[in-house]
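Contents: one structure, followed by commentary.
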């Protein structure tokens, strides 16, 4: 999260990140362009990657964890026959293979990488080992031995074939799934080596590439070019995928005071998509989003409030 002197802005900006930049560098540029005091991003993209990088300003930073927990969609090109230390095209070649899998061979094993899987993160990743980042250890010549961790892959499809060395895939997944690991492990499974040659993120939660704005159109040629606040989406856009529940004035006042609301009184208003055993809902009153609540133990408990008492009229009169 970047803080500094500047004006108070609240909202989301969906950036179409260019290749060759870190996510932190993109945040710095747009924060400077808007003259904003506070900004952060909703999910890191590797320097090689392009596509959707949601940037949160001001109050929107409170909703970053919920964006990062949302579904993500990626499209990547897998280069067969070549392993790299970073598992993508930015790394050094560490192995080669002359084996090139056929389409039927690939499709036959894709199901093994769908659903709940165990995945070993790339050696060059932000995973912490004893307080140090794995990529720092790797750059220092002491790469860590990383352990497999659970990952959820909803969809993994072969969608294109440029030539015998390159195939294109599309993935829909949950939080913390590495495309570089999927590419590496798929290549190994079909008897060869491989790495990600190109990667583009198409969606993060409610934010899609269709709404993404290229960085150069936001910032112009100078970092401090004044960018228009009209480009920002409302803070609550980040919560669009979360089921909504309408509260009465009295229920809203209770929630804003930090008190739980009984689900008995909410019967008939709880959305079917909401999980009554620990699920999140978007608390609404008078057409306004108050924040997020969690359904648990027969109660709606405040999880993350976006407004405070006195900032809305739902708890008055």
- Item | Label point 7 Å beyond Cα of residue 99 along Cβ direction - residues of region 168-192 with amide nitrogen under 15 Å | 184-192
- Task: Rounded to whole Å and ordered largest first, report the semi-axes of the equivalent ellipsoid of region 133-276 derived from its Cα gyration tensor (root of 5λ).
- Result: 40, 25, 19
- Message: How high is the relative contact order of the chain? Use alpha-carbon pairs under 8 Å, at least six apart in sequence, and give a whole percent.
- Response: 21 percent
- Query: Can you pull the Kirkwood radius for region 242-305, inverse mean 1/r over Cα pairs, to one decimal in Å?
  - Reply: 11.1 Å
- Mind putting together the pair-distance distribution for region 70-218? All Cα pairs, 5 Å bins, whole percent per bin, short to long. 2, 9, 18, 21, 20, 16, 10, 4, 1
- Quick one: if the Förster radius is 25 Å, what FRET efficiency do residue 230 and residue 208 give, using the C-beta to C-beta distance and rounding to 0.05? 0.85
- With N residues in the chain, what two-decimal value do you get for its Cα radius of gyration over 2.2 N^0.38 Å? 1.13
- Task: Taking 7 Å along the Cα-to-C-beta vector as the label spot, tell me the residue 157-residue 190 distance in nanometres, rounded to one decimal.
- Result: 1.7 nm
- Query: For the residues 64, 196, what sequence is obtained by ranking on other C-beta atoms within 10 Å, fewest first?
  - Reply: 64, 196
- Relative contact order as a percentage, region 116-213, C-alpha pairs under 8 Å and 6+ apart, gives 20 percent
- Cα-only Rg/Rh for region 21-146 with Kirkwood Rh rounds to 1.02
- Query: What is the gain in length, in nm to one decimal, between residue 299 and residue 248 on full extension, counting 0.36 nm per residue of separation less the C-alpha to C-alpha distance?
  - Reply: 16.8 nm
- FRET efficiency, 1/(1 + (r/R0)^6) with R0 30 Å, evaluated for residue 136 and residue 259 via beta carbons: 0.10
- Message: With a 10 Å cut-off between alpha carbons and a GNM built on the chain, which of 134, 183, 39 moves the most?
- Response: 134
- Let me have the relative contact order for region 242-305, percent, based on Cα pairs under 8 Å that are six or more residues apart. 38 percent
- Query: What angle do you read, to the nearest 10 degrees and between 0 and 90, between the alpha-carbon axis of helix 179-189 and the longest principal axis of the chain?
  - Reply: 40 degrees
- Query: Mind checking the angle between helix 23-34 and the chain's longest principal axis? C-alpha axes, 0 to 90 degrees, to the nearest 10.
  - Reply: 50 degrees
- Query: Going by average Cβ neighbours within 10 Å, how do the peptides 205-218, 70-83 rank, with the highest at the top?
  - Reply: 70-83, 205-218
- Two-site label geometry, residue 216 and residue 114: point separation in nm, points 7 Å out along Cα→Cβ: 3.9 nm
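Every number here is computed from the coordinates shown, using simple stated rules; none is lab data. None of these values were measured; they are calculated from a predicted model. Neighbour counts run over all protein chains shown; Cβ positions are idealised from the backbone, glycine included.
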